[in-house]
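Novice: After the structure tokens below, expect a handful of questions from me.
The values are calculated or read from the model by the stated rules, or taken from the named source; none is laboratory data. All of these numbers come straight from a predicted model, not from anything done at the bench. In this analysis, Cβ positions are derived from the backbone assuming ideal geometry, glycine residues included, and neighbour counts consider all displayed protein chains.
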Amino acid sequence: MKTNMVSWFEIPVTDIPRAKKFYETVFNVKITVQEFGDELMGWFERAKDESTPGIGGSLNKHKEYVPSSTSTLVYFASQTGDLADELSKIPGAGGKILKPKTLIAEEIGYMALFMDTEGNRVALYNN
């Protein structure tokens, strides 16, 4: 394979300002909101160094985008290296922890699940 399978993600939202505040608070990132016709997108900040691995994504408000707790699961990398840091911010930002920091396996790392303010089930990961 020449490149990673995933190149972009979009998280459906019903309230861009609320979702923007939630993700900025939990991950300490900047989200820039832009309108595209009848779609409103909140772009996640990219790493300043282009050599940093990873992909980009956005929050999306559109009539065809419906938040879900049972569909595709996006895993966010811990920005501090310890899921406990992000998890500690989730309840205060309006989200709910569904599964606390859990060891997958020593050679793989840790994961956790949470519900965002829009009703999406989202995951955290660090190794």
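Novice: Looking at Lys20, Lys48, can you tell me which residue is within 23 Å of Val6 (Cβ to Cβ), of a type in the set (Lys, Arg) and without any contact (Cβ under 8 Å) to a residue 12 or more places away in the chain?
Specialist: Lys48
Novice: Any residue that is assigned to a loop (DSSP other than H, G, I, E, B) and surrounded by fewer than 16 Cβ atoms within 10 Å (Cβ to Cβ) - is there at least one of those in region 83-104?
Specialist: To start, the set of residues in region 83-104 that are assigned to a loop (DSSP other than H, G, I, E, B) comprises 90, 94-95.
Still in the list and also surrounded by fewer than 16 Cβ atoms within 10 Å (Cβ to Cβ): none.
Checking region 83-104: not a single residue is assigned to a loop (DSSP other than H, G, I, E, B) and surrounded by fewer than 16 Cβ atoms within 10 Å (Cβ to Cβ).
Novice: On to the next question. For residues that are over 13 Å from the mean Cα position of the chain (by Cα) and of a type in the set (S, T, N, Q), scanning just region 1-48, find the one that is surrounded by the most Cβ atoms within 10 Å (Cβ to Cβ).
Specialist: Filtering region 1-48 for residues that are over 13 Å from the mean Cα position of the chain (by Cα) and of a type in the set (S, T, N, Q), the one surrounded by the most Cβ atoms within 10 Å (Cβ to Cβ) comes out as Thr14.
Novice: Same structure again: Please give the number of the condition Gln79 fails out of (1) surrounded by 15 or more Cβ atoms within 10 Å (Cβ to Cβ); (2) without any contact (Cβ under 8 Å) to a residue 60 or more places away in the chain; (3) not in a strand (DSSP E or B).
Specialist: Here Gln79 clears every test but (1).
Novice: While we're looking at this one, here's another question. Sort out which residues of region 50-73 are out of contact with any Asp or Glu (no Cβ under 9 Å at 6 or more places or on another chain) and under 15 Å from Asp116 (Cβ atoms), and write them in order of number.
Specialist: Scanning region 50-73 gives Val66, Ser68, Ser69, Thr70, Ser71, Thr72, Leu73.
Novice: Considering only residues that are assigned to a loop (DSSP other than H, G, I, E, B), modelled with pLDDT of 90 or more and of a type in the set (Lys, Arg), which ones fall in region 27-75?
Specialist: Lys30, Lys63
Novice: Restricting to region 81-127, name every residue that is in contact with a helix residue (DSSP H, G or I) (Cβ under 8 Å, 6 or more places away or on another chain), farther than 21 Å from Ile11 by Cβ and not basic (Lys, Arg).
Specialist: The answer is Pro100, Tyr110.
Novice: Can we say Ala112 is in contact (Cβ under 8 Å) with a residue 60 or more places away in the chain and touching a Ser or Thr at 6+ places or on another chain (Cβ under 7 Å)?
Specialist: No; evaluated as a whole, the condition is false for this residue.
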